[in-house]
1. How about segment 71-113: which of its residues are aliphatic (A, V, I, L, M) and in a loop (DSSP other than H, G, I, E, B)?
2. Please verify whether G329 is small (G, A, S) and closer than 27 Å to V378 by Cβ, treating the condition exactly as stated.
3. Go through I317, I293, I305, I359 for me and flag whichever is of a type outside the set (S, T, Y), in contact with a Phe, Trp or Tyr (Cβ under 8 Å, 6 or more places away or on another chain) and modelled with pLDDT under 95.
4. Answer yes or no: is there a residue in segment 359-371 that is assigned to a strand (DSSP E or B), open to solvent by less than 30 Å² (accessible area, probe 1.4 Å), within 20 Å of N159 (Cα to Cα) and touching a helix residue (DSSP H, G or I) at 6+ places or on another chain (Cβ under 6 Å).
5. Taking the residues in segment 231-245 that are open to solvent by less than 10 Å² (accessible area, probe 1.4 Å) and of a type in the set (V, I, T) as candidates, determine which candidate is nearest to H316 (Cα to Cα).
6. Has segment 233-245 got at least one residue that is of a type in the set (V, I, T), out of contact with any Lys or Arg (no Cβ under 6 Å at 6 or more places or on another chain) and in contact (Cβ under 8 Å) with a residue 40 or more places away in the chain?
7. Can you tell me how many residues within segment 114-125 are part of a helix (DSSP H, G or I) and open to solvent by 10 Å² or more (accessible area, probe 1.4 Å)?
8. From the list L247, L233, pick out the single residue that is out of contact with any Leu (no Cβ under 7 Å at 6 or more places or on another chain), farther than 30 Å from A60 by Cβ and not basic (K, R).
Amino acid sequence: MNCADYFVDRHIREGRSNKVAFREVHGDNREITYGQLASDSDFSGAAFSNAGISPHQRAAMFVLDQIEFPVIFWGAIKAAIEPVALNTLLATDVYRNIIDDCGASIVFVSAELLDVVLPACEEVQKIVVIGGDAPAGTISYDEFMSGDLAPVSTVKCSNDDVAFWLYSSGSTGRPKGVRHKHGSMQYTCETYGQQLLNIREDDLVFSAAKLFFAYGLGNGMSFPMSVGATSLLYNARPTPDSVTDILKKYKPTIYYGVPTLYAALVHKWEADSAPEVPLRRCVSAGEALPAEIGKKWQALTGVDIIDGVGSTEMLHIFLSNAPDSVVYGTSGVPVPGYEVRLIDENGTDVAAGELGEMIVRGGSSALDYWNQKEKSAVTFDGEWTHTGDKYEMADNGRYIYCGRTDDMFKVSGIWVSPFEVEQALIEHPAILEGAVVAHKDEDDLEKPKAFVVLKEGHGADSLNDLSDFVKERIGKWKYPRWVEVVDDLPKTATGKIQRFKLRAPA
């Protein structure tokens, strides 16, 4: 099975040729139907061959959320070329390393990204520019798709063949190339998409999370395409104002966000009132959702946020709350089709109420990290994938997030979860966001240090009661000994806090 048949060509056989697959919510509001996508991706596949790109070579995609993204992505897969969807918010040196690492034979770049991407492409022979003018040494997307092209015949593949690549978000350092199989996308759709999200053909979906990373790829492309729904594409950075405008104007039925953006929207709507939108599902992932944010969102909109846990390595969410069973402050239970365990440093299962690393088993696990044999062996342990996340299982069977393995630390011999302290921090009326890391005191002992972003209208003097505020909620030894007010927190493009940057010496 070539997964392009299931996600693209199947809709023609099932009578959806005229159904809109993607609609842009920027610029000229372009749209593309399932029939046009099938045809254009056929020609895209042929254009790869015309450009001299052979099966199993890599096509690096520095492409914003726009119509050309699915055309290039599915055209490559139809031709058995491996698209590499890449973060559009990184720096030139990082891009240079990624291009070198994946060995891209061709690069696609949105014109808005040229200044950052082009200097990283010295070793790439073919560079295709989407929109705007194509500089010397590149060709335009229109030129790439022109010429005497015969539609490509979709190459037959095994479910276990490599279909596409993603790169890890870099929340703990250098991004890693993650190779996914043809069968993985459909597996996430048949598990999370159908059995938990219950996405329908009549849904209109909007994902603030972008297509270039695993969460956004499922939200904005594979899930809606699995049932013939319509997805809204926005090519700019989502802000509280822009997301509010999109929700008001287009009225999607499913919205996907990340905790940082949910928090900012709650703050905005508490002052301005929430827009009237026919939402039936709201989903969060990327970081664990603070309970306070979920409760406020529900009060403002009448819709619960379904908080879940996924990873680039597992392609999408494998642990989640459910629409009719949301308990804020927990990550829920395993999604049907997945199994999880909590283990100690010796690989032994821990008891309920004890802290352990979560490992997961399911049919969407990646093949490996490209060019990183040792890290692959550590992460992909037979059928089980190590997440690097610390959890505990409550007596009711729900899992409670405690932090990344590298982020956990002990105070007075007791484990402290940065996330638990952060949840207490954002309950404070002056704090919009917070991040907690270990910091050594004058006796060289680790204690919590907090970095906080204040809500508009509040100053540092608003935090005079913060120590007592936190102590009352989570215990006397967990409160931050130091509090630093910052304008923003370092995050990946997926919204994950990069605590390793906060731990680094100034």
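The values are calculated or read from the model by the stated rules, or taken from the named source; none is laboratory data. Keep in mind the model is a prediction, meaning the values are calculated, not measured. Glycine also receives a Cβ, built like all others from the backbone with ideal geometry; neighbour counts cover every protein chain displayed. All accessible areas refer to the heavy atoms of the entire protein, side chains included, with ligands and DNA or RNA removed. Shrake-Rupley method; radii C 1.70, N 1.55, O 1.52, S 1.80 Å.
1. A79, A80, I81, L86, L89, L90, A91
2. no
3. The unique qualifying residue is I293.
4. Taking every residue of segment 359-371 in turn, at least one turns out to be assigned to a strand (DSSP E or B), open to solvent by less than 30 Å² (accessible area, probe 1.4 Å), within 20 Å of N159 (Cα to Cα) and touching a helix residue (DSSP H, G or I) at 6+ places or on another chain (Cβ under 6 Å).
5. V243
6. no
7. 5
8. It is L247.
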